[in-house]
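Chemist: Okay, here's the structure, questions in a sec.
The values are calculated or read from the model by the stated rules, or taken from the named source; none is laboratory data. All figures in this text were calculated on a predicted structure; none of them were measured in a lab. Ideal geometry is used to build each Cβ from the backbone, glycine not excepted, and the neighbour counts take in all protein chains shown.
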Amino acid sequence: MNACIERYPKLPIALHLDHGTSVDICQTAIHLGFSSVMMDGSLQEDGKTPRDFDSNIEITGEVVNIAHPLGITVEGELGCLGGIEDGIGSGREKLTDPDKVKEFVEKTKVDALAVAIGTSHGAYKFKIKPDPDKNLLAMDIIRRIHELCPDLHMVMHGSSSVPQELIAQINKYGGAIPETYGVPLWLYKKD
Amino acid sequence: MVVQFQRLMEYRYGYTRRIKAGVRKVNVDTDLRLAVTATIRKYLKENPAQFDPRKYLEPSRDAMKQIIMERYIKFGSAGHAFDYEPMTLEDMKKFYENE
């Protein structure tokens with residue numbers, strides 16, 4: 001990374017820790033040279049059990065207090081994503097409450113916020129093919145948060161499209177991935 | 001691994017109004033994992049005598065690169081890297097001090 005920055009000094013680039021589950025992990029990443037960290041305070045240290053709102057504010061704020069004086073940016077998360085394939089996620093969705101976002105951002109001073117709008121981690125997101133006429137994700141939550149906090153940078157986790165041709169190729173050459181669909185790319189046209 | 005891990009702060013002044021709904025980062029790493037696995041499976045099936053990871057990881061890297069390029073274009077971030085003056089950690093420290 002350092003060689004890359006030296007070679008391309010005009011390139012805006014960051015090294016970001018995804019889903020830090022504790023203050024210690026974020027601190028280790030910062031010491032290793034990460035320029036940005038995510039403190040996923042939506043979950044407890046096991047990366048599965050949801051954490052309550054006040055405790056999320058406390059732990060995320062703690063990371064911000066360590067990171068900002070060093071020039072490091074921080075991403076937080078409010079609401080829980082489904083999906084447990086990669087070890088991160090509560091296994092059930094608990095969507096972000098837009099009315100709590102402002103308080104969270106003001107109290108923690110996070111730079112960016114991951115929101116839960118119905119996506120999940122891993123390849124197994126939706127069992128049936130997404131219908132363009134139905135609301136797959138709660139985009140109204142995104143719009144509402146943007147109205148309330150127009151300067152907030154939102155992050156969508158678990159947004160892979162799970163290309164059907166890749167699933168087909170894996171299965172053709174010996175894999176056994178069951179029927180599964182991701183967040184379709186046509187969704188990005190709408191908003 | 002995320003498609004768009006550009007320094008978030010650079011967006012604050014330049015880009016804010018250009019992304020309608022406020023989403024600035026979209027994590028799509030599962031697509032890259034699928035691309036790697038699909039490519040390795042195909043390569044090893046077609047080249048059963050091959051055993052060298054340096055060989056079978058090469059096409060899988062290219063497959064990932066292809067997905068990354070497609071997503072950059074789809075999400076509208078392709079070609080915008082030089083719209084922003086990079087900020088060093090020292091610049092960022094000053095930014096937070098003044099906040």
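Chemist: Could you tell me which residue of the range A:94-113 is surrounded by the most Cβ atoms within 10 Å (Cβ to Cβ), considering only residues that are within 22 Å of residue B:97 (Cα to Cα) and within 15 Å of the chain's Cα centre (by Cα)?
Modeler: Among them, the one singled out is A:110.
Chemist: With respect to residue A:48, determine if the residue is charged (D, E, K, R) and farther than 22 Å from residue A:155 by Cα.
Modeler: Numbers: charged (D, E, K, R): yes; farther than 22 Å from residue A:155 by Cα: no.
So residue A:48 does not fit the description; no.
Chemist: Taking the range B:66-82, which residues are more than 11 Å from every other protein chain (Cβ to nearest Cβ) and free of Cβ contacts under 8 Å to residues at least 12 places away in the same chain?
Modeler: B:69, B:78, B:79
Chemist: Just one of the numbered conditions (1) among the β-branched types (Val, Ile, Thr); (2) surrounded by fewer than 20 Cβ atoms within 10 Å (Cβ to Cβ); (3) closer than 30 Å to residue A:178 by Cα; (4) in contact with a helix residue (DSSP H, G or I) (Cβ under 8 Å, 6 or more places away or on another chain) is not true of residue A:117; which one?
Modeler: (2)
Chemist: Let me ask something else. Scan A:128, A:145, A:141 and give me the residue that is farther than 14 Å from residue B:34 by Cα and touching a Gly at 6+ places or on another chain (Cβ under 8 Å).
Modeler: Numbers: A:128 fails: touching a Gly at 6+ places or on another chain (Cβ under 8 Å); A:141 fails: touching a Gly at 6+ places or on another chain (Cβ under 8 Å).
So the residue among A:128, A:145, A:141 that is farther than 14 Å from residue B:34 by Cα and touching a Gly at 6+ places or on another chain (Cβ under 8 Å) is A:145.
Chemist: Report, by residue number, each residue of the range A:145-171 that is of a type in the set (S, T, N, Q) and in contact with a Lys or Arg (Cβ under 7 Å, 6 or more places away or on another chain).
Modeler: So the first thing to find is which residues in the range A:145-171 are of a type in the set (S, T, N, Q), and the list is A:159-161, A:164, A:169, A:171.
Hit for the range A:145-171 is A:169, nothing else.
Chemist: If residue B:23 satisfies all but one of (1) touching a Pro at 6+ places or on another chain (Cβ under 7 Å); (2) modelled with pLDDT under 90; (3) crowded, with 21+ Cβ neighbours inside 10 Å, what's the number of the condition it fails?
Modeler: (1)
Chemist: Among the candidates A:102, A:107, A:125, which residue alone is under 22 Å from residue A:22 (Cβ atoms), modelled with pLDDT of 85 or more and basic (Lys, Arg)?
Modeler: Values: A:102 fails: under 22 Å from residue A:22 (Cβ atoms); A:125 fails: under 22 Å from residue A:22 (Cβ atoms).
Going through A:102, A:107, A:125 in turn, the sole match is A:107.
Chemist: Give the residue that is farthest from residue A:69 (Cα to Cα), with candidates limited to residues of the range A:120-152 that are buried (at least 20 other Cβ atoms within 10 Å of the Cβ) and either in contact with a His (Cβ under 6 Å, 6 or more places away or on another chain) or of a type in the set (Gly, Ala, Ser) (or both).
Modeler: Out of the qualifying residues, it is A:123.
Chemist: All but one of (1) among the aromatic types (Phe, Trp, Tyr); (2) within 24 Å of residue A:139 (Cα to Cα); (3) within 13 Å of chain B (Cβ to nearest Cβ) hold for residue A:104, so report the exception by its number.
Modeler: Of everything listed in (1) among the aromatic types (Phe, Trp, Tyr); (2) within 24 Å of residue A:139 (Cα to Cα); (3) within 13 Å of chain B (Cβ to nearest Cβ), residue A:104 misses just condition (3).
Chemist: Just checking, which of A:32, A:81, A:15 is surrounded by fewer than 19 Cβ atoms within 10 Å (Cβ to Cβ), within 12 Å of chain B (Cβ to nearest Cβ) and either free of Cβ contacts under 8 Å to residues at least 12 places away in the same chain or not polar (S, T, N, Q) (or both)?
Modeler: On the way: A:32 fails: within 12 Å of chain B (Cβ to nearest Cβ); A:81 fails: surrounded by fewer than 19 Cβ atoms within 10 Å (Cβ to Cβ).
Every option except A:15 fails the conditions.
Chemist: Still on this structure, please answer the following. Take residue A:151 and tell me if it is in a loop (DSSP other than H, G, I, E, B) and within 8 Å of another protein chain (Cβ to nearest Cβ).
Modeler: Working: in a loop (DSSP other than H, G, I, E, B): yes; within 8 Å of another protein chain (Cβ to nearest Cβ): yes.
Against the criterion (in a loop (DSSP other than H, G, I, E, B) and within 8 Å of another protein chain (Cβ to nearest Cβ)), residue A:151 qualifies.
Chemist: Within the range B:27-58, work out how many residues are in a helix (DSSP H, G or I), over 18 Å from residue B:70 (Cα atoms) and of a type in the set (A, V, I, L, M, F, W, C).
Modeler: Within the range B:27-58, residues that are in a helix (DSSP H, G or I), over 18 Å from residue B:70 (Cα atoms) and of a type in the set (A, V, I, L, M, F, W, C) number 3.
Chemist: Within the range A:111-119, is there a residue that is part of a loop (DSSP other than H, G, I, E, B) and either within 30 Å of residue B:93 (Cβ to Cβ) or basic (Lys, Arg) (or both)?
Modeler: To start, the set of residues in the range A:111-119 that are part of a loop (DSSP other than H, G, I, E, B) comprises A:111, A:116-119.
Filter again for either within 30 Å of residue B:93 (Cβ to Cβ) or basic (Lys, Arg) (or both), leaving A:111.
Scanning the range A:111-119, I find at least one residue that is part of a loop (DSSP other than H, G, I, E, B) and either within 30 Å of residue B:93 (Cβ to Cβ) or basic (Lys, Arg) (or both), so the answer is yes.
Chemist: Any residue at all in the range A:51-66 that is in contact with a Leu (Cβ under 9 Å, 6 or more places away or on another chain) and outside any helix (DSSP H, G or I)?
Modeler: Yes, the conditions are met somewhere in the range A:51-66.
Chemist: Within the group B:69, B:1, which residue is at pLDDT 85 or above and surrounded by fewer than 20 Cβ atoms within 10 Å (Cβ to Cβ)?
Modeler: Values: B:1 fails: at pLDDT 85 or above.
So the residue among B:69, B:1 that is at pLDDT 85 or above and surrounded by fewer than 20 Cβ atoms within 10 Å (Cβ to Cβ) is B:69.
Chemist: Residues that are surrounded by fewer than 22 Cβ atoms within 10 Å (Cβ to Cβ), within 15 Å of residue B:23 (Cα to Cα) and among the small types (Gly, Ala, Ser): does the range A:167-174 have at least one?
Modeler: Narrowing the range A:167-174 to residues surrounded by fewer than 22 Cβ atoms within 10 Å (Cβ to Cβ): A:167-174.
From what is left, the residues that are within 15 Å of residue B:23 (Cα to Cα) are none.
No, the range A:167-174 has no match at all.
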